[in-house]
Every structure is written in structure tokens, then in C-alpha cells.
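Before any comments, here is the structure.
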Amino acid sequence: MNNDSEIWFAFARTFAMLFMVLALLLLAFYLIKRFSAARGGKHRDFIKVLSVHHLSPKEKLILVNVLEETILIGVTPSNISKIKVMEKYLDLPSVTQNTDSGFSSLLNRTLSRSSNKITGSVTARSNDE
């Protein structure tokens with residue numbers, strides 16, 4: 001019986017050490033990720049995507065601002081090429097900012113119109129009463 005309990009004790013100790021090593025590994029990855037992102041500084045925007053125009057499903061033109069220089073690049077599945085460097089600095093709103101184009105703005109406008117109709121009909125009913 002003593003021999004059987006020693007085997008279970010060794011088994012438990014082995015798995016406890018395994019979990020401890022895995023926990024330390026996860027902690028190390030977390031700390032590396034956290035401090036490597038912090039070394040980048042406070043949101044340095046060296047590269048801004050100003051505009052993207054899709055020519056086909058896999059080809060597009062991208063207007064990029066890199067260190068105060070505006071560059072037009074072409075992107076295909078096998079190649080990225082510089083097409084033109086603009087001499088004049090273009091300060092357009094970046095793609096990540098909220099612009100009034102696309103499906104989301106259309107949906108918001110439609111929803112706001114329908115909510116105005118609903119609130120308008122509710123106020124009209126309350127005024128009639």
C-alpha cells in the first residue's frame with residue numbers, strides 16, 4: 001500500500017510542476033506582450049492610410065501618408081508597388097475614422113429616419129388625444 005501511495009504522490013507532484021511551468025510561461029508571454037507594446041511610445045502615427053480604392057476583389061489602390069509624405073501604392077496578391085509620390089502634403093481623414101460612406105452610415109440614416117417616423121406618429125397621436 002505504501003508503494004501505491006508514493007506513486008500517486010509522485011504523479012500529483014509531477015502535474016503540479018507541469019501546471020506551475022505552464023503558468024510561468026503564460027505570465028512571461030503576457031509580460032512580453034505588454035511591455036513590448038509599451039516601448040512603441042504614445043500612439044506615434046508614422047503611417048496613416050488615407051484612402052483605399054478596390055479595383056477588383058484582390059487588387060486595390062491605397063493612398064498612404066508616411067512621415068509627412070503622401071504615397072500612392074498598388075497592391076495585388078503577388079506584389080506591392082509604389083505608383084506615385086505626391087509632392088503636396090495631403091491631410092485627408094484616415095480610413096479608420098468615422099466617415100459618412102458605406103453600409104454602416106446608410107443603416108444609421110435609415111434607422112434614424114424610421115425612428116423619427118415612429119416618434120412623429122407617437123407625438124401626433126398624443127396631440128390628437
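Can you name the residue in the stretch 65-102 that is at pLDDT 90 or above and among the small types (Gly, Ala, Ser) and, of all such residues, is surrounded by the most Cβ atoms within 10 Å (Cβ to Cβ)?
Top of the filtered list is Gly74.
So, in the stretch 35-62, exactly how many residues are surrounded by 12 or more Cβ atoms within 10 Å (Cβ to Cβ) and either among the β-branched types (Val, Ile, Thr) or modelled with pLDDT of 90 or more (or both)?
6
The values are calculated or read from the model by the stated rules, or taken from the named source; none is laboratory data. Predicted model, so just to flag it, every value in this text is computed and none were measured. When we count neighbours, we look across all protein chains shown, and the Cβ atoms used for this are built from the backbone with ideal geometry, even at glycine.
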